[in-house]
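All remarks here apply to the structure that follows.
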Ligand code: SPV
Ligand code: MG
């Protein structure tokens, strides 16, 4: 719809203007609504979060159809641009072509494709078994994505997992340069180092034209003022904070209901049911009852 085109154009404009885009992970339309209300600039349709929502590890088990359904439902409920985490692109460059058609139609404003082999293994696991595909093969996937998009404002973001795979900065820079040459609009550099030094060093060494995206989950001391001071970074993704917030809150409330022997003590501490009615837009239902249920 028209709102999707507007949000795609606004995401590209935001980034071209040199402003930092603050993007929050979400695993449901409801979490997307809450991220929008909190003032984020975009939604990260996270593969990790959706996998966790189904109680599954993030190892290419969630189907494209299931992830697309979430993206579509988010686009219905939020006007924010959606940055879709499409992992490895569900196969080779031929699979990427189909994925780009589907995600663009579903209302995504951008996709992030990573240079890992399918099936992928989640990035932040300490002893994760990480395997990358050849640089040329991944560049072909990026070229396929760029050639397929119908809307020029749809962003193709290339993610290199070279640092995650322990291949070092030189390999990460070489891959990032190749992906930029293949037409990527941005480069996502991921790191599981507990401190920002690995990513900071990469960003300082980056000589490319396209801006950088980071996901500072493992190195939380990299706050927004530090990101701005470093420069070249146009997007920060808070990659798993919606599902972690949900788990924190549910664990706490469930445990206390059992401990208290009822809901009497927790009740005033959680949002009232009226807040859920508001998020569901029950006011529109009431207004329509008055108009149409005669
Ligand atoms: C995700 O949220 O699915 C990501 C970020 O890809 S991470 O889990 O850190 O790899
Ligand atoms: Mg992911």
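Within segment 45-54, can one find any residue that is within 15 Å of residue 109 (Cα to Cα) and surrounded by 24 or more Cβ atoms within 10 Å (Cβ to Cβ)?
yes
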Original post:
Within segment 20-38, restricting attention to residues that are out of contact with any helix residue (DSSP H, G or I) (no Cβ under 6 Å at 6 or more places or on another chain) and closer than 21 Å to residue 276 by Cβ, which residue is surrounded by the most Cβ atoms within 10 Å (Cβ to Cβ)?
Top reply: 35
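So which residues in segment 33-53 are within 14 Å of ligand 1 (Cβ to nearest atom), over 11 Å from the mean Cα position of the chain (by Cα) and within 30 Å of residue 232 (Cβ to Cβ), if there are any at all?
Just the residues of segment 33-53 that are within 14 Å of ligand 1 (Cβ to nearest atom), to begin with: 35, 42-53.
Right, trim to over 11 Å from the mean Cα position of the chain (by Cα) and you get 35, 51-53.
Across segment 33-53, the qualifying residue is only 35.
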Subject >> Members of segment 163-185 that are under 27 Å from residue 98 (Cβ atoms) and within 16 Å of ligand 2 (Cβ to nearest atom) >> reply: 164, 165
Original post:
Does residue 205 count as over 18 Å from the mean Cα position of the chain (by Cα), surrounded by fewer than 20 Cβ atoms within 10 Å (Cβ to Cβ), more than 12 Å from ligand 1 (Cβ to nearest atom) and at pLDDT 95 or above?
Top reply: yes
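Quickly run through segment 104-145 and pick out the residues that are closer than 29 Å to residue 41 by Cβ, in contact with a strand residue (DSSP E or B) (Cβ under 9 Å, 6 or more places away or on another chain) and within 15 Å of ligand 1 (Cβ to nearest atom).
So in segment 104-145, the residues closer than 29 Å to residue 41 by Cβ come out as 104-116, 120, 122-125, 138-139, 141-145.
Filter once more, keeping what is in contact with a strand residue (DSSP E or B) (Cβ under 9 Å, 6 or more places away or on another chain): 104, 106-116, 120, 123, 138-139, 141-142, 145.
Across segment 104-145, the qualifying residues are 108, 110, 111, 112, 113, 114, 115, 116, 120, 123.
Say we look at segment 61-76 and pick out the residues that are more than 25 Å from residue 128 (Cβ to Cβ) and surrounded by 19 or more Cβ atoms within 10 Å (Cβ to Cβ); which of these is farthest from ligand 2 (Cβ to nearest atom)? Walk me through how you get there before you give the answer.
Let us first name the residues in segment 61-76 that are more than 25 Å from residue 128 (Cβ to Cβ), namely 65, 68-69, 71-76.
Okay, now just the ones that are also surrounded by 19 or more Cβ atoms within 10 Å (Cβ to Cβ), so 68, 71, 74-75.
Details: 68: 15, 71: 13, 74: 16, 75: 19 Å.
Per the criteria, the residue is 75.
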Original post:
Of the residues that make up segment 161-182, is at least one touching a residue at least 60 places away in the same chain (Cβ under 8 Å) and in a loop (DSSP other than H, G, I, E, B)?
Top reply: no
Subject >> residue 89 more than 16 Å from ligand 2 (Cβ to nearest atom), at pLDDT 95 or above and either touching a helix residue (DSSP H, G or I) at 6+ places or on another chain (Cβ under 9 Å) or over 12 Å from residue 8 (Cβ atoms) (or both) >> reply: no
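Could you name every one of the helices (runs of 4 or more DSSP H) located completely within segment 224-294 that has at least 3 residues being without any contact (Cβ under 8 Å) to a residue 12 or more places away in the chain and either over 27 Å from residue 43 (Cβ atoms) or within 16 Å of ligand 2 (Cβ to nearest atom) (or both)? Give the steps one after another, and end with the answer.
Numbers: elements: 224-230, 241-260, 273-279, 282-292.
Per the criteria, 241-260, 282-292.
Is there a residue being assigned to a helix (DSSP H, G or I), modelled with pLDDT of 95 or more and away from ligand 2 (no atom under 16 Å from the Cβ) anywhere in segment 38-60?
From segment 38-60, those assigned to a helix (DSSP H, G or I) are 47-53; that's our starting set.
Next, only the ones that are modelled with pLDDT of 95 or more stay: 47-53.
Adding the requirement that they be away from ligand 2 (no atom under 16 Å from the Cβ) leaves none.
Within segment 38-60 (the criterion being assigned to a helix (DSSP H, G or I), modelled with pLDDT of 95 or more and away from ligand 2 (no atom under 16 Å from the Cβ)), the answer is no, since none of the residues qualifies.
The values are calculated or read from the model by the stated rules, or taken from the named source; none is laboratory data. Keep in mind the model is a prediction, meaning the values are calculated, not measured. Don't worry about glycine lacking a Cβ; one is built from the backbone with ideal geometry, like all the others, and counts go over all protein chains shown.
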